[in-house]
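Taking it in order: structure first as structure tokens, then the write-up.
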Amino acid sequence: MAYRPEPAPFEEELAGLDALEAKTPRARSRARRIWSSLWPKVAAVGIVLLVWQILVWAHWRPKYVFPGPGTAFRSLWRDLANGRSLITGLQTMPSVAWFPLAIVVFRLSETAILFVVVLGAAPAIANGLVSGIDHVPPLLLRAGRVLGARGVKAYRHVILPAAFPSFLGGMKQGWAFAWRSLMAGELLVVIGGRAGLGFTLDSARLNVDYPGLMATMIVILVIGIVVDSLLFGVLERRVRRRWGLIEATS
Amino acid sequence: MSLRPRARETAEPELHMGSGSAVSLTSASKVYGTGAEAVHAVDNVSLDVEFGEFLCLVGASGCGKSTLLNMIAGLDKPTNGTVEVRGGRPTLIFQEPALFPWLTVERNVDLALKLRKIDRADRKQVVGSLLEMVHLTGFGSKQPHELSGGMRQRVAIARALAQQAEILLMDEPFGALDAMTRDLLHDEVERLWQDTGFSIVFVTHNVREAVRLADRVILLSSRPGRIAAEFPLDIPRPRRIESPEVGALATEITARLREEVKHHGVQT
Ligand SMILES: Nc1ncnc2c1ncn2[C@@H]1O[C@H](COP(=O)(O)OP(=O)(O)OP(=O)(O)O)[C@@H](O)[C@H]1O
Ligand SMILES: [Mg+2]
């Protein structure tokens, strides 16, 4: 970077930058424009980083409470590099927003719905699995290593089983997302007159069949509750009891 | 069931002669952290554990005993110096039981056999006799959280024995046990050791326990952990923990330990 903190004539300062990037006069003037609008911001960021680092050096707060910029950026970089933030980012995107694209790519077909359903569920499931893997107790990893579980065997015998409760949580969340996108999809995409729940709902509205509309809504609600609390609730409870994470009652 | 290590059955004992000790630490040090926050857990420890030796490490809390064992087990690298181990990967019984909560007691022990590629047909019987040895017959189908602390620790012992490693590292394995059970397990461990010729490094707070079991007791100073004193033992076996010889030597070592703690303070 050509910017130096001590005040220097602007022209002189640009020399380094020009030599690198600006070959033609036009590019030169553009680079200058960009630079002149950019440097106060760069300087501001630099000052903030400097003050931050000085506070850390001065032990203003203990290091683990108030880490330096280097530590913070390394952590940010690590998060970016391991794809977690991408997964989380995808998760915040409402999956209905994928429908136009899905319809363009797959036409009005079941594949389009499947695409959106999978896309809605996958980030939650992946997040559950990755966070489970991240939180395997180190003592168990060590116990596994002593027993000879390294590499693939460590995953098979220690890491994946230890991550299972978190994975199950991700599945439960994934199901909730999938169910929502499925209903939205069936309202948007009608496949060859087949009577999906969403289609039934919409045709009840069109036919002014309000009792039918209510009945379909109740069915949708009941399916949601059954899968959520019966399937996932029971599975989760069973795992937690097995692990001794809840008091065994009765 | 045979608890003999595989190497003993196949390789002749002469193999070990002249090839050094089971474990050799040479000026091994371990520093946790850096800069002002650095903790010198183990400092410049040189130590040989002979083949077939029963070595006990005693020292105040926080003096680096667990760190030393972890380095021998290959779980932590020394910051300085070297750790050499001969005769296969050692097994380590952790200070906490470290059982896998998703497996039953039986399957925790079984996993050690599975990872050694023992045939499924043979495993069931071996698991049974190991659980019998730690007095847990009938608890095989329980989950670890359904057991008491001492019972869990005994499962961990059974799981470690299932590995049949020639070097057994034990980190305060009997700390959570009542005196009766502990005495029984002292007998079991001693018998196992005599039958198999394992090398054992045994960490304990309990000086009497060390004297009951060891060929040699090493006293570590408080942080940084260094070897403060060494006591070769020649009390004939079988020993009893309440015998006057054991008591006399334990008193001597305890006095020395107290001196260490007074010099360096108790680490918190
Ligand atoms: N992972 C770690 N990170 C930082 N410091 C550690 C770590 N493990 C141990 N220490 C420090 O190293 C020192 C030695 O710890 P160690 O667990 O080896 O003690 P110990 O002799 O086994 O104690 P105890 O008898 O209480 O189990 C302690 O001061 C501890 O704070
Ligand atoms: Mg310890």
Original post:
Which of the listed residues, B:I93, A:F66, B:L68, is farthest toward the dipole's positive end in the protein assembly as shown, when Lys, Arg count +1 and Asp, Glu count -1 at the beta-carbon?
Top reply: A:F66
Subject >> Average beta-carbon neighbours from other chains, 10 Å sphere, peptide A:238-247 >> reply: 2
Original post:
Farthest toward the dipole's positive end in chain B, which of B:N44, B:G197, B:S148, given Cβ charges of +1 (Lys, Arg) and -1 (Asp, Glu) about the Cα centre?
Top reply: B:S148
**OP:** Excluding residues on the same chain fewer than 8 positions from A:K153, give the lysines whose Cα lies under 19 Å from its Cα.
**Re:** B:K114, B:K117
Original post:
Under a point-charge model restricted to the Cβ atoms of Lys and Arg (+1) and Asp and Glu (-1), what is the dipole moment magnitude of the stretch A:32-92 relative to its Cα centre, in debye to the nearest 20?
Top reply: 140
Original post:
Taking amide H positions as placed 1.01 Å from N in the peptide plane, with prolines and chain starts having none, which residues 5 or more places from B:I200, or on another chain, fall under 5 Å of its amide H?
Top reply: B:E53, B:F54, B:L55, B:L168
Subject >> Accessible heavy-atom area order of B:E260, B:E132, A:E236, highest first, probe of 1.4 Å >> reply: B:E132, A:E236, B:E260
Original post:
Where a ≥ b ≥ c are the square roots of the eigenvalues of the C-alpha gyration tensor, would you call chain B rounded, which needs a/c under 1.5, or, failing that, prolate if a/b is larger than b/c, or oblate?
Top reply: rounded
Original post:
Peptide A:145-153: average number of partner chain Cβ atoms within 10 Å per residue?
Top reply: 6
Subject >> Sorted peptide list for A:63-73, B:174-184, criterion being average Cβ within 10 angstrom, highest first >> reply: B:174-184, A:63-73
**OP:** Enumerate the whole-percent occupancy of each 20 Å bin, from 0 to the last occupied one, for all C-alpha pair distances of the protein assembly as shown.
**Re:** 16, 35, 28, 18, 3
Original post:
Roughly speaking, what % of Cα-Cα pairs in the stretch A:32-92 are separated by over 18 Å, rounded to a whole number?
Top reply: 57
Original post:
According to the Cα gyration tensor, what semi-axes, each the square root of 5 times an eigenvalue, does the equivalent ellipsoid of the stretch B:99-165 have, listed from largest to smallest in whole Å?
Top reply: 18, 11, 11
Original post:
Where does each of A:41-54, B:198-211 land if you order them by average Cβ count within 10 Å, highest first?
Top reply: B:198-211, A:41-54
Original post:
What aspartates and glutamates sit close enough to A:K41 to cross-link, taking a C-alpha to C-alpha distance under 18 Å and skipping anything fewer than 8 places away on the same chain?
Top reply: A:E6, A:E13
Original post:
How crowded by other chains is B:94-105, given as the mean number of beta carbons from other chains within 10 Å of each beta carbon?
Top reply: 4
Subject >> Reciprocal of mean inverse Cα separation for the stretch B:21-70 (Kirkwood radius, Å) >> reply: 12.1
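Hey, what number do you get for chain B at 222 nm if only DSSP H runs of n ≥ 4 count, each worth -39500 (n - 2.57), divided across all residues, to the nearest 500?
-11500 deg cm²/dmol
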Subject >> Electrostatic dipole magnitude of the stretch B:99-165 [Cβ: Lys, Arg +1; Asp, Glu -1; Cα centre; debye, to 20] >> reply: 180
Subject >> Mean Cβ count within 10 Å, highest first, over the residues of peptides B:48-55, A:127-134, B:188-195 >> reply: B:48-55, A:127-134, B:188-195
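The values are calculated or read from the model by the stated rules, or taken from the named source; none is laboratory data. Since we're looking at a predicted model, the values are computed, not measured. Quick reminder, even Gly has a Cβ in these numbers, built from the backbone with ideal geometry, and neighbours come from all protein chains shown. To get the accessible areas, we keep the full protein, side chains included, count just its heavy atoms, and leave off ligands, DNA and RNA. Shrake-Rupley method; radii C 1.70, N 1.55, O 1.52, S 1.80 Å.
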